[in-house]
Structure formats: structure tokens, C-alpha cells
1. Just one of (1) touching a residue at least 40 places away in the same chain (Cβ under 8 Å); (2) surrounded by 18 or more Cβ atoms within 10 Å (Cβ to Cβ); (3) outside the structural domain of THR65 (by TED's automatic domain parsing) trips up PRO190, so point out which.
2. Of everything in segment 38-54 that's part of a loop (DSSP other than H, G, I, E, B) and on the phi < 0 side of the Ramachandran plot, which residue is nearest to the chain's Cα centre (by Cα)?
3. Quick check on my filter: what residues within segment 152-196 are touching a Phe, Trp or Tyr at 6+ places or on another chain (Cβ under 6 Å) and assigned to a loop (DSSP other than H, G, I, E, B)?
4. What number of residues in segment 88-103 are surrounded by 13 or more Cβ atoms within 10 Å (Cβ to Cβ) and part of a loop (DSSP other than H, G, I, E, B)?
5. With at pLDDT below 90, of a type in the set (Lys, Arg) and either surrounded by fewer than 17 Cβ atoms within 10 Å (Cβ to Cβ) or touching a strand residue (DSSP E or B) at 6+ places or on another chain (Cβ under 6 Å) (or both) as the only criterion, which of LYS137, LYS167, LYS184 stands out?
Amino acid sequence: MKHVIEPYLPEHAVDSVFELIREYGVHLKIVNDRVTRHGDYRRDTNGHHQITVNGSLNKYRFLMTLIHEIAHLVAFEKYGRNIKPHGVEWKSTFQKLMVPFIRPEIFPSQLLPLLARHFRNPKASSDTDATLSIALKQFDEVSDKNYIFEIPYGSHFRIYNGKIFRKGAQRVKRYECLEVSTGKIYLFNPNAEVELLPH
């Protein structure tokens, strides 16, 4: 198993991650990219723990996603199945599991302060922390996508499901964007990745 996960993780995280997988009896599946989520955890009818993680994630996001999902498993085992999926029990479990990895041998130095801030109160998805998400993006493979905040006001863009929008004004943190075909307004996080369309 160790040789399977090695290419997906920072070198100095492999042994510790492998120990967690072994300790908690995780069946890890590395899957093709899913747009709506980086990973998930479920316990099957036989009581086996299955975690899936997108294989296209960069090593740092892969590590965070895997620990995020292991934290679900550990929190459910410790506190019972009736806890909120991203409630206080999960947050404290995720913090406890992740803190040993937040060090310069594993993460680039420019990410460390952002991770330290994020893990004071981790969110359901690292994508909702726009600053961290943008910092992690620099380690992705080159893509033709843009962030919402980068594209000009009034420009048209396409999202993963083919729907086309026009960028509107920023409201507090998010951008109001008009879906061209329906006239409905949707809110987008500044770090949402979109395909900018020519005029």
C-alpha cells in the first residue's frame, strides 16, 4: 500500500499517513477527478471504512483531503454517528490529526502560516478559505482555467457543467454572477475556477 500512495504525497508525510491508514483500517481508493468534491468517506454495510480521494490533486491538497476524510472516520468512531459531519468534534479531530504534518519538511514555507491560520478553525472544505486555496493552486499542473476574481467585470465565463455566466459585482466576499440562459443570479467564491469566454 505504501508504494501506491507514495506518488500522491509529500515525501516526508508518507510513513505517517501509511500508519494512519493501517491504524484505522482504511480502504483507500484513488479516483479520477470529480468536480464537486476532492474526497469522501463512507462506512459500508460490512463496517469497512472507505475513503476516496481525487488522484489529480497536488501532493499538498491530496494530503489535506486524505487527513480531512480520516478525521471523519475517527470522529464518528470516537463520538458516535450522530455528530454533525463538520461540527466541533470533526474540527478538533481534524486539527489533532493535521497538526503533526504542518512543518517545513512537508509543506513549502509559504504555505505554513496560511495552514496555521486555517487550522485554528478548519472549514468543511479548504476551498472556502480563498487565500489558502489560491496558495495551494500554484502547485497544481498548469491549466487554462481562471479564478473569478481574476476575470474582468461583465465578462462571460463557463463553469464545469457547461453553464455560462456574466460576472457581476462583488458582494462582501463573493461575486454576483448572472446565468445567461435563465437570468438567475448566483454567488461565486473568488477562487472558483472558470473558463473565460471570448467576447
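1. (2)
2. Taking segment 38-54 first, the residues part of a loop (DSSP other than H, G, I, E, B) are 38, 44-48.
Checking the rest, the ones that are also on the phi < 0 side of the Ramachandran plot come to 38, 44-46, 48.
Values: HIS38: 5, ASP44: 23, THR45: 27, ASN46: 28, HIS48: 23 Å.
Result: HIS38.
3. Within segment 152-196, PRO190, ASN191 qualify.
4. So the answer is 1.
5. Numbers: LYS167 fails: at pLDDT below 90; LYS184 fails: at pLDDT below 90.
That would be LYS137, the only listed residue that is at pLDDT below 90, of a type in the set (Lys, Arg) and either surrounded by fewer than 17 Cβ atoms within 10 Å (Cβ to Cβ) or touching a strand residue (DSSP E or B) at 6+ places or on another chain (Cβ under 6 Å) (or both).
Per-residue answers, yes or no, for (1) over 15 Å from TYR8 (Cα atoms); (2) in contact (Cβ under 8 Å) with a residue 12 or more places away in the chain; (3) not assigned by TED's automatic domain parsing to the domain that holds ALA124:
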| position | (1), (2), (3) |
| --- | --- |
| ASP44 | yes, no, no |
| GLN50 | yes, yes, no |
| VAL53 | no, yes, no |
| HIS68 | yes, yes, no |
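The values are calculated or read from the model by the stated rules, or taken from the named source; none is laboratory data. Since the model is a prediction, treat every value here as computed from it, not as a measurement. Cβ sites come from the backbone with ideal geometry, for glycine too, and all protein chains shown count toward neighbours.
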